[in-house]
Amino acid sequence: MKALTICKIQSCVYLFIIIFSLQHFFFREFSYGFDGYEGMVSGIMAVSFITVLISVVVLIRQGVVFINRENILETEIKYLVLNLVLYYGILISSLCMSGELRH
């Protein structure tokens, strides 16, 4: 896989988790009325946790590869910066969602 394709997939996963956590925050009282919603939130939390752990390594590797190239592509640097910002958004949303889990 090309590095730019990995960045795009990574951005999509980040945006999905952030958008789901925003949806959960604003509509949590309404959504808990549905069967299986708590299981879905737990599943998204597991995906978010795994994404946070793996993304640290992937972002460091991408940064090293992108910056050490002889010809630096501006698009790759933009995706790297976007993914770094989205990564911190994922950290915040994961912390907020983990406090919302009901047992």
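From the square roots a ≥ b ≥ c of the eigenvalues of the alpha-carbon gyration tensor of the chain, which class results: rounded (a/c under 1.5), prolate (a/b over b/c), or oblate? Could the numbers behind the result be given before it?
Working: a/c = 3.07, a/b = 2.82, b/c = 1.09.
In terms of gyration-tensor shape, prolate.
From most to least packed by mean Cβ count within 10 Å, the peptides 67-73, 16-22 give 16-22, 67-73.
Can you give the charge dipole size of the chain about its Cα centre, rounded to the nearest 20 debye, using +1 on the beta carbon of Lys and Arg and -1 on the beta carbon of Asp and Glu? Walk me through the intermediate numbers first.
Numbers: 7 positive and 7 negative charges, 55 e Å.
The dipole magnitude comes to about 260 debye.
In this simple spin-label approximation, Phe25 and Leu4 carry label points 7 Å from Cα along the Cα→Cβ vector, and these lie 3.3 nm apart. The slack between Ile54 and Ser42, meaning 0.36 nm per residue of separation minus the straight C-alpha distance, is 2.5 nm. Ordering Ala3, Gly89, Tyr79 by Cα displacement along the dipole of the chain toward the positive end leaves Ala3 in first place; charges were set at the Cβ atoms of Lys, Arg (+1) and Asp, Glu (-1).
If you line up the long axis of helix 74-100 against the longest principal axis of the chain, both from Cα atoms, how many degrees apart are they, to the nearest 10? Between the helix axis and the principal axis of the chain, the angle is about 20 degrees. Extension gain for Glu74 to Asp35 (0.36 nm times residue separation, less C-alpha to C-alpha distance): 9.4 nm. Each part reduced to its alpha carbon centroid, segment 63-100 and segment 1-62 end up 14 Å apart. As a fraction of the 1.4 Å probe accessible area of the chain, surface on carbon and sulfur atoms comes out at 72 percent. Counting only protein heavy atoms and a 1.4 Å probe, the chain has 67 square angstrom of accessible area per residue.
For the chain, what's the relative contact order in percent, using C-alpha pairs closer than 8 Å and at least 6 residues apart? Before the final figure, lay out each step's value.
Working: 57 pairs, mean separation 52.5, N = 103.
About 51 percent, as a whole number.
The values are calculated or read from the model by the stated rules, or taken from the named source; none is laboratory data. Just so it is clear, the model here is predicted, and its values are computed rather than measured. When we count neighbours, we look across all protein chains shown, and the Cβ atoms used for this are built from the backbone with ideal geometry, even at glycine. These accessible areas exclude ligands, DNA and RNA; they are computed on the full protein's heavy atoms, side chains included. Shrake-Rupley method; radii C 1.70, N 1.55, O 1.52, S 1.80 Å.
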